[in-house]
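Reviewing the structure listed below.
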Amino acid sequence: MYRKLSDPSKDENASKKARYEAGETKTIKGTVVLMKKNFLDLTDAKDAVVDQIDEILGHKVSLQLISAVNTDVANKGRGKLGKPAHLEGWKISTLTERDATFSVSFEWNEEIGIPGAFLIKNSHHNEFYLKTLTLDDVPGHGKVYFVCNSWIYHSEYYKKDRVFFANQTYLPNETPAPLQYYREEELENLRGNGTGKREEWDRVYDYDVYNDLGDPEKGEAHVRKILGGSSDYPYPRRGRTGRPPTKIDPKSESRLPLRKTLDIYVPRDERFSPLKMSDFAATGLKSIFQFLVPGFLALFNKTPFEFDSFKDMSKLYEGGIKLPSKSFMDKIRDHLPLELLKELLRSDGDYAFKFPMPQVIREDKSAWGTDEEFAREMLAGLNPVVIRCLQEFPPISKLDPTLFGEQRSTISEEHVKHNLDGLTIEQAIKEKRLFILDHHDSLMPYLKRINTTTTQTYASRTLLFLNEDGSLKPLAIELTREDEQSRIVSNVYTPAETGAEATIWQLAKAYVTVNDSGFHQLVSHWLHTHAVTEPFIIATNRQLSVLHPIYKLLHPHFRDTMYINALARQILINADGILEMTVFPGKFSLEMSATIYKDWVFPQQALPADLIKRGMAVEDSSQPHGIKLVIEDYPYAVDGLEIWSAINTWVRDYCNFYYKTDEMVKIDTELQSWWKEAREKGHGDKKEEPWWPKMQTREELIDCCTIIIWIASALHAAINFGQYPYGGYPPNRPSMSRRFMPEPETSEYEELKSNPEKAFLKTITPLPQSILGISLIEALSLHTSDEVFLGKRTPEWTTDEEPLQAFERFGKKLEEIEQKIIKMNDDPNLKNRVGPANIPYTLLCPSSELGLTGRGIPNSVSI
């Protein structure tokens, strides 16, 4: 290990002088591992031949070592450069040869000493993915590793030759003098100049507002609000692409055509790997793109097809469903290539949709509809981050009454008193046994506009009671809407088991779940994990060198996020995108999430702080994590606190190794620039908020890094990978409602009495949107073959022994937590860990196999 290469020990110098005369030249053997462009890409097989011709013509790949101990005064004090060396033995590789290994021989002398970096120049026509360079035996030192993981294009695309540093870690003021210039220059290259359209090979990280969701040139129906840069619609920033503005609205950025979706700009190394792109296209995009074909939903609407019963819906998983006519699919075939159709038609019959059996109905086809499972999923389901402990009765709205009128809940004591196990409401609140799932305030400002579309829905409040056995039971559901005369209309529904009242109660729960599904997808998932993370990724790459310890700490937790977010802007969250088609706010979806971002507070994203804010925990220093849960059997919180604590311990050990005092945090110029930019540019609409940590102490640094890693890894995993297990069966997690609650003495009410299942299915998400939604969440719930899970990292990521040991302890702790989770799931006394549907809570189990598993914590928001 070497830390201060600019000041080698006297013993090292004496040893070197004894072995080598000054100026004597030796040869250092190196090994380069790279992946060629044509890996897994049949269309690019010809590129391998082109590269071979380049080699024959002398257009090679060259590398130059940069000294970490000796400067070149004539070259502005940069590290001494060695002579160029070329990759040896380049040959045409097979398409399945993932890694290609090459030898390289460097001339070395004392002026080079210990290399701390190298330059690489690609004179081939085609790019390649450079993984590592290993120097086998540097005189007086031994092996030196360079972890690169970057695409290298032809040198004409770069103003400067690409530079890579050895896997050393340096604070800015510790950087060896010969490397200082290269460190600063590389950051300048990554920041760019803020102008121009970004191209495929660019590596520039910059900020922009969400001004590319709408498509004004298609007409008024395709116009969407610009998110970010205003007090009305604040938003985290996204990566800048530099595409030209639309002709109609110069403030809106033009959009890519659908066929170029995968080419949307992100810095080149932020794109999916070829292996992941292959997996994603095969298992995800193929089952989604069919719905983006113009006129797909219109075709469905012309041949209406409804499920008549839950048994009919189960055909989606047990054999597939046939579409209304052959001509239907023939029209789709005109727009789609054959390989997409093969993925679409996943059964032996023609024109059939077929999906894997979701966990929620795998063991029991009806348990999803029980009150116990309905309540349990608020603690151990897909969106366990909203429920809170009730502090006052009846619940009170925080909306401005001058704008929205009186919003006090109409749930009364009469509705619930008979279900409180003999307690009064005051006693139940005092004993922390009343809880609420509240989707009232977030929806009411938009509800009237939403209900002018094909959606017919309510804002909901759901009251629940904590039973003695630790399970929850729903007490009452309040459904509220604004009528045509702008009057607030509320109705309260209570549990019923027989007759029309039982179906009414089931529908009331469905409206609640519609609210929760929309909030989950737009806020808990998209806004609170994907969107809020992207500014930290941009700031990290612009302000922290790859040599910086905090860059090395955070970088694995940013993998693939910018690209999946860019794809989302292209096909998911855009005007008429998949989310607008499948969640009830429709065209108001992203605008609504912007109003909710106003309440986002960075320190409250820490799990303990979030639990305390929602009243689900109280501070208690005697407890292992410093807080005591109000519901002891709260699987998300129980498992989450274990993961949170493990992350925090790892981050603390790591940061304390590099920062011995608070003063070291204060004087770290890169760190201070990073935090300033993340606040003032990345989350610029909130830059004046007083709650931002000042980044003046080690404790603030540890807290901020723990929160960022928690959001990107465990929080996203808990919110994302249960989507198919719970939501793959639309009756359990409907995302749309098409009509209001049937009123007595209407034809809808009579149908409800005579055919309750059909009435239920005619209310929730219709068939085409159901299939589209299932396709989407299947793609989002998959682990691809190159996934890297929490506690795992690229080998040789640092040479510092103490951080390596701390990371090993972190990995072992995660293994212990996983075994503890499995053991708790087998405990019959913990009612909420499995529930009536028999789904063990495994979303925060750190490891996973590939595919649809309902478990596993990837390092990053990678899907």
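For the reader, a short list of remarks on this structure follows.
- Against the set (i) 10, 18, 16, 16, 13, 11, 9, 5, 2, 0, 0; (ii) 14, 45, 31, 9, 1, 0; (iii) 13, 38, 29, 17, 3, 0, the structure's computed P(r) over Cα pairs in 20 Å bins from 0, in percent falls on (ii).
- One chain, two ends: F404 and K251. Fully extended at 0.36 nm per residue, the span grows by 52.0 nm beyond their Cα-Cα distance.
- The alpha carbon centroids of region 438-513 and region 181-221 are separated by 43 Å.
- Dividing the summed helix terms, -39500 (n - 2.57) for each DSSP H run of n ≥ 4, by the number of residues in the chain produces a 222 nm estimate of -9500 deg cm²/dmol to the nearest 500.
- Placing unit charges on each Cβ (+1 for Lys and Arg, -1 for Asp and Glu) gives region 809-863 a dipole about its Cα centre, and among G811, N825, G854 the Cα reaching farthest toward its positive end belongs to G811.
- Ligands, DNA and RNA left out, the 1.4 Å accessible surface of region 670-821 is 48% carbon and sulfur atoms.
- In region 161-247, the chymotrypsin sites (Phe, Trp or Tyr not before Pro) that fall in loop regions by DSSP, at most 15 other Cβ within 10 Å: W201
- Rg and Dmax of region 783-852, Cα atoms only, in Å: 15.7, 50
- Label-zone membership for region 597-611, site K694, 7 angstrom Cα→C-beta point, backbone N under 19 Å: 602-604
- Of the trypsin sites (Lys or Arg not before Pro) in region 399-455, those whose Cβ has at most 14 other Cβ within 10 Å and which sit in DSSP loop: R408
- C-alpha long axis of helix 698-710 to longest principal axis of the chain, angle in °: 60
- Size of electric dipole in region 451-593: Cβ of Lys, Arg +1 and of Asp, Glu -1, about Cα centre, debye, nearest 20: 620
- To the nearest ten degrees, helix 45-56 and the longest principal axis of the Cα atoms of the chain are 10 degrees apart.
- Its Cα centre serving as origin, region 529-637 has a Cβ charge dipole (Lys and Arg +1, Asp and Glu -1) of approximately 380 debye.
- Along the axis of the charge dipole computed for the chain (Cβ charges of +1 for Lys and Arg, -1 for Asp and Glu, origin at the Cα centre), the listed residues G470, G791, L190 are led at the positive end by L190.
- Fraction of accessible area attributable to carbon and sulfur, region 222-270 (%, probe 1.4 Å): 51
- Members of K398/K473; K36/K666; K36/K83; K613/K676; K598/K831; K26/K76 lying beyond 32 Å, as alpha-carbon distances in this model show: K36/K666; K598/K831
- Within the accessible area of region 142-212 (1.4 Å probe), percent carbon and sulfur: 43
- Charge dipole (Cα centre; +1 on Lys/Arg Cβ, -1 on Asp/Glu Cβ; no other charges) of the chain amounts to roughly 1620 debye.
- Gain upon complete extension [T649, L850; 0.36 nm per residue less C-alpha separation]: 69.5 nm
- Probe 1.4 Å, protein heavy atoms only - accessible area per residue of the chain in square angstrom: 40
- Whole-Å distance, taken between Cα centres, linking region 703-754 and region 816-831: 26
- Helix 499-519 vs. the chain, principal-axis angle (Cα, 0 to 90°, nearest 10): 20
- Think of the chain as having a plus end and a minus end, set by charges on the Cβ of Lys, Arg, Asp and Glu; of P608, G79, L671, G79 sits farthest toward the positive end of this dipole.
The values are calculated or read from the model by the stated rules, or taken from the named source; none is laboratory data. All figures in this text were calculated on a predicted structure; none of them were measured in a lab. No Cβ is skipped: glycine too gets one built from the backbone with ideal geometry, and neighbour counts run over all protein chains shown. When the accessible area is computed, the model is the full protein with side chains, heavy atoms only, and any ligands, DNA or RNA have been set aside. Shrake-Rupley method; radii C 1.70, N 1.55, O 1.52, S 1.80 Å.
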